[in-house]
Amino acid sequence: MPVFSFVSSKGGVGKTTSAVVLAGELVASGRSVIMIDADPNRPLMLWSELRPLPEGLSVIADESAETIIDTIDDARSRAHFVIVDLEGTATDRIGFAVTRSDLVLVPMQASVLDANEAVKAIKLVKQMGRVAGREIAYRLFFAKLAPAIREKTAKDLEAQLAANGANVLPSGIVDRAAFRAIFSLGGTLHTLNTTDVGGLAAAKENALTFAQGVIEALKKKAAA
């Protein structure tokens, strides 16, 4: 079954938040999802302990570069989708996970520094593709975008990335209170109530559009 890996060599870009948002949408559509926490800080494991997860969603921890391939292969045999949340540093475990991925998702914020780090991630994906003997699909996306309007910097960076042949998702993750609430209250957007946090409807719309973009990218990869 398809494996999505979230990769960034820079911490704090919204990697884990985006992974949880995607998992929530896939489970809400009736698919089973196993999330693999491959970050030494264990953000997914901590989140999963806040409240019971919805049916069809589970979180497991991976221990090291020596185990990540087996962990992914076992998970993909037991669920419709596997989502791997990797640590924010360059390690062998990231490279091994990329070789097992059907789509690598690279979050970035609207800054030149983040764009440079995203380019490094793309280079890693291409290198691992040569190691694996196949082309590994990837998509960049903006995370923690301003909710009111898209910043000019983000628009300029997206145009520059596209002009240089980078693959960018049409919709990123907006910085909304509902996304932050997931990590204080637990669960997914679909287990939150309007009494828990404001702006839930807008967050759900953003999450659905993001997930649809990911699935469309996966379909294009399969068609190719």
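Any read-out appearing in this document is the output of simple, stated calculations on the displayed coordinates, not a laboratory observation. Since this is a predicted model, take the numbers as computed values, not measurements. Reconstructed Cβ throughout: ideal geometry from the backbone, glycine too, with neighbour counts over all protein chains shown.
Below are the figures for this structure:
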read-out	value
Tensor-based shape of the range 1-54 (alpha-carbon gyration tensor, a/c under 1.5 rounded, otherwise prolate or oblate)	oblate
The chain: relative contact order in percent, alpha carbon pairs under 8 Å with at least 6 residues between	25
Size of electric dipole in the range 3-223: Cβ of Lys, Arg +1 and of Asp, Glu -1, about Cα centre, debye, nearest 20	660
Two-decimal ratio, the range 3-223, of alpha-carbon radius of gyration to 2.2 N^0.38 Å	0.95
Mean ellipticity per residue at 222 nm, deg cm²/dmol - from DSSP H runs of n ≥ 4 across the chain, formula -39500 (n - 2.57)	-14500 deg cm²/dmol
Fewest-first sequence of Ser5, Ser77, Ser101, Ser32 by Cβ atoms within 10 Å of each Cβ	Ser77, Ser32, Ser101, Ser5
11 Å cut-off, amide nitrogen to a point 7 angstrom out along His80 Cα→Cβ, residues in the range 39-60	56-57
Amide proton proximity set for Leu140, modelled H, under 5 Å, gap of 5+	Val106, Asn167, Val168, Leu169
Long pairs among Lys126/Lys204; Lys155/Lys221; Lys126/Lys221, criterion Cα-Cα beyond 22 Å	Lys126/Lys204; Lys155/Lys221
Dipole of the chain [Lys/Arg +1, Asp/Glu -1 at C-beta], most positive-end residue of Gly95, Phe6, Val214	Val214
³J(HN,Hα) computed for each position of the range 193-200 - Karplus, 6.51 cos²θ - 1.76 cosθ + 1.60, integer Hz, glycine/proline x	10, 5, 6, 6, 7, x, x, 5
For Ala61, residues with placed amide H under 5 Å, excluding near neighbours	Asp37
